[in-house]
Amino acid sequence: MKSDRIPPGSFGIPVLGETVQFVLEPNFVEKRYQKYGCIFKSHIFGRPTVIMVGPQAAEFVLSSHMDCFSWRQGWPNNFKVLLGESLFVMDGEEHRQKRRLIMPALHGAALAKYIGTMEEITRRYLQKWQEKLEFSWFDEFKQLTFDIASELLVGTKAGDDSARLSRLFDTLTKGLFAVNPLPLPLTRFGKAIAARNEILDHIAKVVRERQKNPAQDALSLLIQAKDEEGKSLGQKELIAQALLLLFAGHETTTSMLTWLCVELARHPEVMQRARTEQMQFAPDGAFTLEQLGQMVYLDRVLLEVERLHPSVGGGFRGVVKDFEFNGFHVPAGWQVLYAIPETHRLSGIFSQPERFDPDRFSPQRQEHKQHPFSLIGFGGGPRLCLGIAFAKMEMKIVAAHLLRGYQWEILPNQSLKPVRIPTSRPQDGLRVRFQSL
Ligand code: HEM
């Protein structure tokens, strides 16, 4: 029988709903999950919203009932304006077709060609950090991952252009969650639009260069990519997709690398095991994909960082068909947010969920395999993060170099409290003292 029960929860105050609390309260979802359970209502970014927690909820949204949901209608309007006509706002057949076109640039044989650039940029930063001795790692990782993303994804070598692009990106990102969406010159959102326009101009210039002289980067592969009917991405779309990759590809990786370094410093025994694993490989020389695949303990450590510190809080979707979940009815026109960090801390799935314990992913334990969609730091289902292989490879390369040759300690008098929006990070950015071993 059809249910007419709307999920429990509160719509908050008129117009704003609970948007301000959602953005500012670190435990917004957790508190309401404790009170109402795995589905509850709220009102965020101007729309009635249900928030869904847990693997069953994630499977429902990401896979089994994905036809009830739209990405295009899900992301707050700021995302659509700032990130343009890219994969993020596509649905159905259009999405499937474009995803297939972009996929080869971020998977398989293409990845092997990126190792050299990733290593070269990493080495440059290691050298710089050794000289600096003390610094805020979040800011440094942001530059490092941006240099990698801008060189491989939009063909811009580190230097003046990449530093300028990085600053523009900061401004753009701040606009994504701006509560006041007025596009005036002095509002956050207005500044974000101006920044986006400058980035688009830059990418357009590089696309024209790459069309004349293809290189060994993802942008060149995107330019050459053709679908089953021999169609390739148009100029405007290429630029929008490249902007999206640059956006999706560096803040998230920065977040996970920062938390990786926090947890390694907090857990010397994990650091030691990860170092010992690295010693099996030749100390110098470039990595191969095969070697990276053999770093199984590092894999576990990274899975545990993904679980405890997922970069992204969840994914928004627009409800395009009424649906029922757990005996509650949700009408079309609402939006859904599937929650990632809260799903990762359910004690029914992960033993002692607050503990940093990479061995929960050992072949004997495999805690995340008891229920599908228990570990969803990269989303899941047909819209699993497109950059997952790229990001994992990059993080492994950076981590392997750090483990092989360096040590660091967390400086006192700083807060490591997690700030979740726009991506998760320690409040004071992780200030460390850094040295070679
Ligand atoms: C640690 C790094 C990363 C994390 C944690 C991460 C996380 C995510 C998550 C959670 C989603 C799904 C969002 C949803 O369901 O609403 C997603 C989608 C996506 N990610 Fe990532 N991501 C990372 C790195 C990257 C990189 C490096 C790229 C590109 C080079 C990338 C490109 C994308 C794209 C294009 C999508 C949309 C896929 C689609 O709609 O088909 N991501 N990512």
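Would you point out the residue of the stretch 409-437, among those that are not hydrophobic (A, V, I, L, M, F, W, C) and not in a loop (DSSP other than H, G, I, E, B), that is nearest to Phe169 (Cα to Cα)?
Arg425
Counting only residues that are touching a residue at least 40 places away in the same chain (Cβ under 8 Å) and not in a helix (DSSP H, G or I), which one in the stretch 385-408 is nearest to Val61 (Cα to Cα)?
So the residue we want is Cys385.
Which one of the conditions (1) part of a helix (DSSP H, G or I); (2) within 15 Å of the ligand (Cβ to nearest atom); (3) in contact (Cβ under 8 Å) with a residue 40 or more places away in the chain; (4) of a type in the set (A, V, I, L, M, F, W, C) does Trp75 fail to meet, given that it meets all the rest?
(1)
Give the residue that is farthest from Phe328 (Cα to Cα), with candidates limited to residues of the stretch 51-72 that are outside any helix (DSSP H, G or I) and within 15 Å of the ligand (Cβ to nearest atom).
This residue is Arg72.
Looking only at the stretch 371-416, which residues are out of contact with any strand residue (DSSP E or B) (no Cβ under 8 Å at 6 or more places or on another chain), away from the ligand (no atom under 16 Å from the Cβ) and not aliphatic (A, V, I, L, M)?
Selection gives His371, His401, Arg404, Pro412, Asn413.
Which fully enclosed strands (runs of 3 or more DSSP E) of the stretch 253-356 have 1 or more residues being farther than 26 Å from Glu394 by Cα and within 14 Å of the ligand (Cβ to nearest atom)?
314-319, 335-339
Check the stretch 86-93 and report whether any residue there is modelled with pLDDT of 90 or more, loosely packed, with under 15 Cβ neighbours inside 10 Å and away from the ligand (no atom under 11 Å from the Cβ).
Scanning the stretch 86-93, I find at least one residue that is modelled with pLDDT of 90 or more, loosely packed, with under 15 Cβ neighbours inside 10 Å and away from the ligand (no atom under 11 Å from the Cβ), so the answer is yes.
Please go through the stretch 158-177 and give me each residue that is assigned to a loop (DSSP other than H, G, I, E, B) and more than 19 Å from the chain's Cα centre (by Cα), ordered by number.
Ala158, Gly159
Please find, among Phe141, Phe146, the residue that is farther than 20 Å from Gln216 by Cα and surrounded by 17 or more Cβ atoms within 10 Å (Cβ to Cβ). Walk me through how you get there before you give the answer.
Details: Phe146 fails: farther than 20 Å from Gln216 by Cα.
None of the others qualify; the one that does is Phe141.
Return yes when His368 is assigned to a helix (DSSP H, G or I) and away from the ligand (no atom under 14 Å from the Cβ) and no when it is not.
Yes.
Can you name every residue in the stretch 30-55 that is within 17 Å of Ser374 (Cα to Cα) and either buried (at least 17 other Cβ atoms within 10 Å of the Cβ) or in contact with an Asp or Glu (Cβ under 9 Å, 6 or more places away or on another chain) (or both)? Before you say what the answer is, go through the steps one by one.
Here is the first cut: in the stretch 30-55, the ones within 17 Å of Ser374 (Cα to Cα) are 30, 33, 37-39, 51-55.
Correct list: Glu30, Tyr33, Cys38, Ile39, Ile51, Met52, Val53, Gly54, Pro55.
What are the residues in the stretch 189-219 that are surrounded by fewer than 18 Cβ atoms within 10 Å (Cβ to Cβ) and part of a helix (DSSP H, G or I), if any?
If the condition is that a residue be surrounded by fewer than 18 Cβ atoms within 10 Å (Cβ to Cβ) and part of a helix (DSSP H, G or I), then Gly190, Ala194, Asn197, Glu198, Leu200, Asp201, Ala204, Lys205, Arg208, Glu209, Gln211, Lys212 are the ones that fit.
Identify, from the list Arg32, Arg5, the residue that is assigned to a helix (DSSP H, G or I), of a type in the set (D, E, K, R) and modelled with pLDDT of 90 or more.
Exactly one of Arg32, Arg5 is assigned to a helix (DSSP H, G or I), of a type in the set (D, E, K, R) and modelled with pLDDT of 90 or more, namely Arg32.
The values are calculated or read from the model by the stated rules, or taken from the named source; none is laboratory data. This structure is a prediction, so every number in the text was calculated from the model and none was measured. Glycine gets a Cβ as well: all are built from the backbone with ideal geometry, and neighbour counts include every protein chain shown.
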